[in-house]
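The values are calculated or read from the model by the stated rules, or taken from the named source; none is laboratory data. This is a predicted model, so every value here is computed, not measured. When we count neighbours, we look across all protein chains shown, and the Cβ atoms used for this are built from the backbone with ideal geometry, even at glycine. Calculation scope for accessible area: heavy atoms of the full protein, side chains included, ligands and nucleic acids excluded. Shrake-Rupley method; radii C 1.70, N 1.55, O 1.52, S 1.80 Å.
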Amino acid sequence: MLDLTRAVMVLLCLSWLGMALAEEPDLASYEAHDGFVDFWWDEEKGRILLRVDDFDTPFIYQASLPRGIGSNDLGLDRGQLGATKIVRFLRSGPKVLLVEDNLQYRADSTNENERQAIAESFARSVIWGFTDIDPVEESTIVDATAFLVRDAHGVGARLARLNEGNYQVDSARSAVFLPRTKAFPDNSEFEAVVTLAGQPTGRHLPTVTPDRSAVTVHVHHSFIRLPDDGYEPLPYDPRSGVIGLRYDDGGFLDYASPIGDPLVQDFGRRHRLEKVDPSAEVSEAVEPIVYYLDPGAPEPVRSALLDGARWWAQAFEAAGYKDAYCVELLPDGADPMDVRYNVIQWVHRSTRGWSYGGSVLDPRTGEILKGHVTLGSLRV
């Protein structure tokens, strides 16, 4: 009896070992993409595998909606940006957590103990949990497919708030969208086709979907390297005409502020712009600000938009910057959600609605990394 028990235990161990070995990915057979975050495309299983090298190192995570629903009343437009987050990977055994920092509460101090006291006083948020599927490697390899193929933009929650129905992601009708999944030195971009299934209870959603029980959008994810420390934050002043860091509550709380000074602090949102010759009254910019117009805008609107947007160059020159701002057509094949492009998107809706601006920015400082303008086509 003892020998039988021992044999069963050996078989179970061998079975577990076989499963573990089978789970280890054959990276050499996958399509490799090297960039800010390296990843592989597994065509056979339709999955994205990420390599995680740096732990507890902050970077920017941005989710957006490159293909929307098309109703102004629902407010889920093509090209809509979500909140910009500062996140980091943390590792504990086989678990890899993607954690969002809490930047609402800060200690702007060189004293590590003060910063630690803030970090330990307020909650963070774990956005996602991954499992290391290649433990024999020094770097962690995780399957990111479920993270990417989800309702990261909160489409279902918005539809529910508007009493349009209870919609949930249907994984059988959702998948990675490879044409807009790419890697670059300072950013890695991922996109997914996401289908939410449910039954409509409102009057707006049925007017813009071919099948009322299935709402299919695209969700885009950007992993972005943080900019260097050369940017000087602009203290927010409501008279300046710029927007502060946060729309809702007007800034963040700095617990390292001297006693008697306000806790609430805020920075204005702006692009980084530096003169080649800081001493010159008028100088070219170290790096000009370039906005790209959506080529989907028809003529003669397209030419009018280019002319109108370029008027801003006069203001930059009056402020002492020569050829520091320009507007061009978005190049063929360029992804408007790619963080490398400031864009002016031409967005269609079933009813007339607002035009508005947004940005991907460094939430620590207010530096705009990507400007994103939405122009409604029915505004004319």
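Residues in the range 170-184 that are more than 16 Å from the chain's Cα centre (by Cα) and surrounded by fewer than 19 Cβ atoms within 10 Å (Cβ to Cβ): ASP170, SER171, ALA172, ARG173, ALA175, LEU178, PRO179. When the range 103-150 is filtered for residues that are under 21 Å from ASP266 (Cα atoms) and in contact with a helix residue (DSSP H, G or I) (Cβ under 8 Å, 6 or more places away or on another chain), the ones remaining, listed by number, are TYR105, ARG106, ALA107, SER109.
Could you tell me which residue of the range 163-172 is farthest from GLU43 (Cα to Cα), considering only residues that are touching a Leu at 6+ places or on another chain (Cβ under 9 Å) and not acidic (Asp, Glu)?
Checked the range 163-172; the qualifying residue farthest from GLU43 (Cα to Cα) is GLY165.
So which residues in the range 327-352 are free of Cβ contacts under 8 Å to residues at least 40 places away in the same chain and crowded, with 16+ Cβ neighbours inside 10 Å, if there are any at all?
VAL327, LEU330
Cβ-Cβ contacts under 7 Å between residues 6 or more apart (or on different chains), taken from a first residue in the range 282-302 that is in contact (Cβ under 8 Å) with a residue 60 or more places away in the chain and within 19 Å of ALA315 (Cβ to Cβ) to a second residue that is open to solvent by less than 40 Å² (accessible area, probe 1.4 Å) and assigned to a helix (DSSP H, G or I), are listed as TYR291/ALA309.
Please enumerate the residues belonging to the range 215-231 that are small (Gly, Ala, Ser) and open to solvent by 20 Å² or more (accessible area, probe 1.4 Å). Of everything in the range 215-231, just one residue is small (Gly, Ala, Ser) and open to solvent by 20 Å² or more (accessible area, probe 1.4 Å), namely GLY230. Candidates are the residues of the range 241-272 that are hydroxyl-bearing (Ser, Thr, Tyr) and modelled with pLDDT of 85 or more; the one that is most open to solvent (accessible area, probe 1.4 Å) is TYR255.
Note on the range 124-135: residues that are open to solvent by 60 Å² or more (accessible area, probe 1.4 Å) and over 11 Å from VAL99 (Cβ atoms) total 2. Within the range 93-104, residues that are within 15 Å of ASP362 (Cβ to Cβ) and in contact (Cβ under 8 Å) with a residue 40 or more places away in the chain reach partners that are in a strand (DSSP E or B) and of a type outside the set (Ser, Thr, Tyr) with beta carbons closer than 6 Å, at six or more positions or on different chains, in the pairs ASP101/ILE86.
Residues in the range 318-337 that are at pLDDT 95 or above and acidic (Asp, Glu): GLU328 alone.
Of all the criteria given as (1) within 21 Å of the chain's Cα centre (by Cα); (2) of a type outside the set (A, V, I, L, M, F, W, C); (3) closer than 28 Å to PRO336 by Cβ, the one not satisfied by GLY251 is (3).
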